[in-house]
Structures are given as C-alpha cells and as structure tokens.
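I have placed the structure first, in the form of structure tokens, so that the comments after it can refer back to it.
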Amino acid sequence: MTLVEARGVGRTVELPDGRPLTILSGVDLTVSEGDRVSIVGRSGSGKSTLLNLLGLLDAPTEGELAFLGHDVRRIRSGARDRLRGSEVGFVFQQFNLLPGRTALENVQTPLLYSGGREFWRRERIARDMLERVGLGERLTTKPERLSGGEQQRVAIARALVRKPRLILADEPTGALDLETGAEVMSLIEAVAAETGAALVTITHDATIAARSNRHFLLRGGRLETADAAGASSAVEADVAEAAA
Amino acid sequence: MMGWLARAATGIVSTIVEALEELRIHRGRVLLSLIGVAVAVCALTTVVGAGAIAEQAGRETSERFGGRPATVSMSVSTGSGMPDNETVAAAWQTTLDRHGIEYASRSGYGTLTVQFADGAVPVPVQVVDPDYGLMHRVRLAEGTWFTERDADRLAPAVIVNEAFWDRLGRPALSTHPTVEIVGSQPITGVITGVTPAQSEWDSEPTAFMLTDSFLPLQPVTPDPMMGAYMPSYEMWIPDGSADELLMSVDQAFEAELGEGATVDGWRSDYAAQEGDPFLPLKLMVIGVAVVILLLGALGLLTIALVTVRGRIREIGIRRSFGATAGRVFFSVLMETVVGTFVAGVVGVGVAIALVRSPLMGMALGGAEVQDMPGFPVEAALIGIGAAVAVGALAGLLPALGAVRVKVIDAIRF
C-alpha cells in the first residue's frame, strides 16, 4: 500500500531580506508499506526539509504530495496533526526526549493524543514497548541518567508505540558510536518489520544507508535515485569535502 | 453519538492528565508562581469574609440603637397635654393585638436616685418592656434579660451597666445583690443582669428597668427639672410590609386613643435609610480585593510567559507526536487553570482558618457580634472563581504563544 507519494514536490522559503530560497524542487518519491528507504546528501541539501514534508510537519509550496491517498494541502491542520500522530513516528538525531520525565512517561506521551483504549491503557502499552526495546529495567529512569544508546532506544519506543505505518528517522545514529548505532538501527528495523511499517532514514553514515533496499541522493534540493554503492560514494565524497 | 461522546470525554480527561503531569514535573516553578495566586486569593477571600463579619458587627451596632429591621417607633401627644400612661398602654395593647404584632416595647427614660456606699447618686434609667432586649440586641455580660414575670416582683428587677456594678463591688448575681432606690417611698431593687461597657467612656452608672416596675416609683407630680416620663412605643414588624403596617397601626392607635390624640410613627432601624448604608464598606473591600488579585495575576502571567518560551522545544516534540494546535492551547491553558484552582482552594482554606480565628474576630468587633455569620459561601466561591479566572487569563497569552510555535523550528530549538 502506498503511504506517501510525492510528484514534483518543491519547498521554497522566504529569506529575511525577502528573497526566495528554494530548498527542494521537483522531488518525486513513493514510499510504500515495508519499504526501507535511505536518503543521503550533504548538509544543507534539504534532507530534513524532505523528512518534514513526508512527516506532515510541513507542506510543499509546489507539486503534489499525497499521504494515504489524501492531498496533504487539503487536509485541515487538526486532521493533519492527528494523522501524523497515528501514522508517523519520528526518531530524531538528538533523541528529543522530554526532560524530567521517566522513560515510561516519555513513551506514554504520544498515547496522550490517541483516543479511546490506547489512552486508557497507555501505561501498559508503553511498558510493553520499553520491554520490547530492552529497557524493561529502566522504566522509571529519567533521560539524564540514561546512556546515548538507551536514550535513543527510548526515543524509538516512543516513535513506535502507536504502531505508525511510516517511521522517519533523521540521522538516528548521528549521536551514537558505531557499534551502538548499528544496534539501534537493527532495533528500528526489527520493530518496523514486526508492524510492516515503512522506514525512511536520513543519514550521513554509508553503512547505515547501505542497510536500506532503496537509496536516494539529495543534491542541490533535487532527489536522485542511487544504488547502495552510489549512495556510499556520495557520502564519502561529502565527508572528504568537509574534511578538506 | 456515544462514540463521539466517549472521544470527547477521553480528550478532556487526557488534557487534564497532561496538565497535571506538567504541574508535577514543574512543581518547583509552579509552586513559586502559585504562591502569589494563593496569597492573593487568600487575601481576597479573607477580605470578603472579614467584610461580612465587619458588616454584621456594624449592622448589630445599628440595631442596638435603632432596633432590628423593621422597628417602628411612635410618640403620642394630645392637644390638652399628656395622656394618661395607663390609657395609652391599654390603647397600645389593643392596637398590637388587632394587628397581630408579636414584639413590642415601650421605651423611655427616667432617673432614679440610688444609694451607693459613698452616697446617693441620681442614675439615668432606660425604661422598657421585656421585648426590648430582643428588638435591640441587648447584650449582657452577666445574668439574664427581663422576662414577663419580672414585672410581678415585689422588689423590681434592675439591669445595671458595668460602672454601676463596679460601684457595688461586682457582687455575684447568684447572691441576688440588691440596691437601695431612695425617694419618697424607698424601695429595694434586685440586680438580675449586667450590661457590658459600650466604650471606655461608659463610666457613669446607668440601668434598665421594666416599665411596669418603674411607673409606680414615679411621683404623682412630675419633677419640673426632669419633666414627665414620656415613652415612645416601639414594635418589631416584618420588613417587607413595614410601611403599610406603620400607616395602619398609626391610624388604629390614634383612633383607639380618641379625639384630640396625635400619633407620630417612624421607622427607627438602619434599613429605613435610603440605599445600602454598608455600600461604601463593601466597595472598599471589593476594590482592595481586585487590586490584590490583579497583582497576583500579573506575577503569574510573567512566569507563565517565561515558562512557555522555555518549553518551545517540548511543545514542538509534542506536536510531532500528534498534539493538535487546539490541544496544545488547552493543555497550556489547563496547566495554569488547574494550578490556580488548587492555589485557590488552598488560599480559601487558609482564609477560612484566618477569618475564624479568635484574633481576627476580636479585631473585627466579632466579640460583640451575637449572630456571628458563618464563613460566607459566596466569599469561598468568589475566591476559587477568581483563581480560575486569573488562571484562564494568565494562561491565555502563553497558550496563544504556544500555538504559534513552528514545529520544525521548535524541534531544532
């Protein structure tokens, strides 16, 4: 089933001096259930903007973007928020856990916005999810006292607790060491596989990108299809240029 | 329909749960910001509650002088001189009976010469009937007020003030202390009660005596210096129909007295005045309360605005997980409303304890209040209502600010 379909999507913002800045243009992308998509690109190439569009956090200024067959520009703001809450799970590079709340409370947060049984059974569901990501013993621990890997696992549990059909991971291993990053990716993929969710990963890491079965390269705001090797070399070229 | 209701109920409950969770997480900050509101609500409620006691004290003081609402006083005169007291008393009684008036009293002033240890002293005496005590809220420091049976005593009952009692050496009333009333026919009176001093200037002996006990002591020929005993005739009637009843009683009393008699009746209680005599006090109380509350609201608003600025990232995260703009608005609003509600309850609780404390009662003249009003429910409701209103107002701007947060920018904040 097609989850997201972008046709000629572009995003232009206005700079403080009034000039327009085109971040994305002519993006064509289809994401279906079960897809593993990686998007690589240099800093400022528009990766996060594309992720925001796919995750209904932003709307395109040109082209057509459909989510579950609905034109996102025609979905009212509240309905779009609810759709995002039930169908999209975000995993951020900096984890973005709510400070002062325990791991259990963090994972319960998305369930506060779901109606009916999920809300009333939120503690049970969140507990099960944390056990699923191996943090059954750290339920009442606050993020400040968790390691980077543990924090990202809490973030994954939170992103997946409502069983979204689309998981958007923005540099999910960017703040982790190589080994922990690989573990975290394995976990995301495993949980996504259980629910049949699509996983779209934005990364700078060639090994992370290589785990996907569809590869894209963002260059100057344009999305190009690439194979695993192409994506990998693009990342390496990016790293080399940054080092120079 | 049921599904919609269930969803709406879940939405409300989840918003409150979220607000309570936020309050718990930020309890330190919340506590600091709500102390101001709790103090303001406490002050507001205390002022309103204490105002009610002060008003009651003022009302009772007024009633001691002019009688309870509605008290009507009547004076009687005839063209050919003073009517005979017994004739007037009989006409008065007939008029009262005809109108079914339950509480009435004659009230006049006279003088008795009382023999103290250091000599005979002329003592001003207020001459009344038993109902006068209830009609004028007469308080007693010792003993009891007159009853109908006191009129039959051979030794007349006398209720004296503290200055009088002091001059006798404050004898215990259980020993039935007597006092010598000198004159052409010396007589012994029995002290049955003592009225408390009204003020520090209340230092000369005075007394109350029943009309039926006093009249036989009067000389046949009135004292040219003091004049004849001329009572006014008072009755306590329902406030609502006072004017009609006054007119009817006036005419009936005059008719009963016969040709040539004139009866002048007027309302002597404070409620007969135009407008609310306690309005200036009420307005002052409300003014002070509003200023206090505004100061509390200002403090809360400042903290709430600063807090929302510090929570932009958190709001962005919540939005990314499905919180709608409306949900964020109500959530932020509910935080202050729930918080101020709790602060309001605490403030009202402290206010009740304060207003009911003996110290406050004394400060407000509560010691003199016979019908001490309970803590006014409206004061408690005003306090909690004001707290919630302050929370809603102070939460409105931060809530609007929270809704305007751009999710993408907030997540990267």
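Readers should treat all values here as calculations from the given coordinates under stated rules, not as data from a laboratory. What you see is a predicted model; the values in this text were computed from it and never measured. Glycine gets a Cβ as well: all are built from the backbone with ideal geometry, and neighbour counts include every protein chain shown.
Remarks
- Scoring A:94-103, B:262-271 by mean Cβ neighbours within 10 Å over their residues and listing the highest first yields A:94-103, B:262-271.
- Once the Cβ-Cβ distance of B:SER203 and B:THR175 is raised to the sixth power relative to R0 = 25 Å, the FRET efficiency obtained is 0.50.
- Estimated vicinal HN-Hα couplings, Hz - the range A:123-132 in sequence order (Karplus 6.51, -1.76, 1.60; Gly, Pro = x): 5, 4, 5, 5, 4, 4, 5, 5, 5, 4
- For A:LEU24, nonlocal amide neighbours, meaning residues 5 or more places apart or on other chains whose placed amide H falls under 5 Å from its own, are A:ARG11.
- From its DSSP helices (H runs of at least four residues, each -39,500 (n - 2.57)), chain B gives a residue-normalised ellipticity at 222 nm of -18000 deg cm²/dmol.
- Placed amide H near A:GLY89: partners under 5 Å, 5+ positions off or other chain: A:LEU166, A:ILE167, A:LEU168
- Per-residue average of Cβ from other chains inside 10 Å of A:79-89: 4
- Our estimate of slack between B:LYS282 and B:GLN185, defined as 0.36 nm per intervening residue step minus the Cα-Cα distance, is 29.5 nm.
- For A:LYS163, the lysines whose Cα falls under 30 Å of its own Cα, not counting residues fewer than eight places away in the same chain, are A:LYS47, A:LYS142, B:LYS406.
- Remark: the range B:286-301, residue by residue, has Karplus-estimated 3J(HN,Hα) of 5, x, 4, 4, 5, 4, 4, 5, 4, 5, x, 5, 4, x, 5, 4 Hz, where x stands for each Gly or Pro and the curve is 6.51 cos²θ - 1.76 cosθ + 1.60 at θ = phi - 60°.
- Mean Cβ neighbour count within 10 Å, used as a protection proxy, ranking B:112-118, B:10-16 highest first: B:10-16, B:112-118
- For peptides B:43-53, B:280-290, A:109-119, sequence by mean Cβ density within 10 Å, most packed first: B:43-53, A:109-119, B:280-290
- Average beta-carbon neighbours from other chains, 10 Å sphere, peptide B:320-332: 6
- Amide H to amide H, with H built 1.01 Å from N, B:PHE208 comes under 5 Å of B:GLN126, B:ILE159, B:VAL160, counting only residues 5 or more places away or on other chains.
- From phi via Karplus (6.51, -1.76, 1.60), per-residue ³J(HN,Hα) for the range A:35-44 in Hz, x at Gly/Pro: 5, 10, 10, 10, 10, 10, x, 6, 4, x
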